[in-house]
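S.K.: Can you keep this structure in mind? I'll have questions shortly.
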Amino acid sequence: MIQKPPIIPAMDLIENHCVRLEKGNFSVQTRYNANPLSVAQSFERAGCKRLHLVDLDGAKSGKVQHWHILKEIAANSNLHIDFSGGLRSEADLKKAFDLSAAQISIGTLAQTKPDLVKRWLEKYGSERFIIALDTRDGFIVSRGWQDSNHLSVENWLKENGETLTEIMITDVSRDGMLTGPATELYAGLLEQFPRLKLIASGGVGSMEHIHKLQKLALHGIIVGRALYEGKIKLEEIC
């Protein structure tokens, strides 16, 4: 029997606000709340254990912009936070860990500097990292979903092997659209790479979508916009 994967609320940050983008497009964004800490604490009060915290300004610029929000949420909650967006150096990693991030999600560097990332996994422990692969039309995109390197997810996994760390795969064409996750993509990858520790992200808009994903051997399910707009109630999932 497949164990149900944990539901992980997402918090995307632009200019200190919780936002959601449509299909990864920075020009099409909805702002929900000017107080990320209160949102994070509402997740915790409902029973959630984890938080996927993304500095979108940092991802776009290549430099973390929201250290203060990571610090504030970590200091005022017991959430297991995975943090991403603009981390480009070992100094950034150390700062994130010092601010009590439980894990770091690495996207762009996993494609541009895979050898460096492998050294970090060995040095700090693979369990402290999530490799975040964002895809559009089957190809990996990076730098805040702006660039494509014309490498498919399957080929990336073949080249890099089934790493010991978790891998988050987001179908950007579905992200923020509530139209349903890339269930077939995830099922196909899990069949092809049975040891893959896969976190599904993007497109979840209803409990029906979650139930379909829970039938797969996933390591987690990211939910964002559906929570902020009340399509899914926290009490239903946490």
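S.K.: Only one of (1) surrounded by 21 or more Cβ atoms within 10 Å (Cβ to Cβ); (2) under 15 Å from the mean Cα position of the chain (by Cα); (3) within 18 Å of Leu227 (Cα to Cα) is not met by Pro5, so which one is it?
M.R.: Exception for Pro5: condition (1).
S.K.: Taking the residues in region 195-212 that are surrounded by fewer than 16 Cβ atoms within 10 Å (Cβ to Cβ) and touching a residue at least 12 places away in the same chain (Cβ under 8 Å) as candidates, determine which candidate is nearest to Asp12 (Cα to Cα).
M.R.: Once the filter is applied, the top-ranked residue is Ser206.
S.K.: Now for a separate question. Whether any residue in region 221-238 is within 19 Å of Lys158 (Cα to Cα), at pLDDT below 95 and more than 14 Å from the chain's Cα centre (by Cα) is what I want to check.
M.R.: Checked region 221-238: no residue is within 19 Å of Lys158 (Cα to Cα), at pLDDT below 95 and more than 14 Å from the chain's Cα centre (by Cα).
S.K.: Okay, next question. If you go through region 134-154 one residue at a time, do you hit one that is in a strand (DSSP E or B), under 25 Å from Val39 (Cα atoms) and at pLDDT below 95?
M.R.: Yes: region 134-154 contains one or more residues that are in a strand (DSSP E or B), under 25 Å from Val39 (Cα atoms) and at pLDDT below 95.
S.K.: Working only within region 45-72, note down all residues that are of a type in the set (A, V, I, L, M), touching a residue at least 40 places away in the same chain (Cβ under 8 Å) and not in a strand (DSSP E or B).
M.R.: Across region 45-72, the qualifying residues are Ala46, Leu56, Ala59, Ile69.
S.K.: Count, please, the residues in region 75-113 that happen to be part of a helix (DSSP H, G or I), surrounded by fewer than 22 Cβ atoms within 10 Å (Cβ to Cβ), in contact (Cβ under 8 Å) with a residue 12 or more places away in the chain and not acidic (Asp, Glu).
M.R.: Result for region 75-113: 7.
The values are calculated or read from the model by the stated rules, or taken from the named source; none is laboratory data. Values in this document were obtained by computation on a predicted structure and should not be read as measured data. Note that each Cβ is placed from the backbone with ideal geometry, even for glycine, and that neighbours are counted across all protein chains shown.
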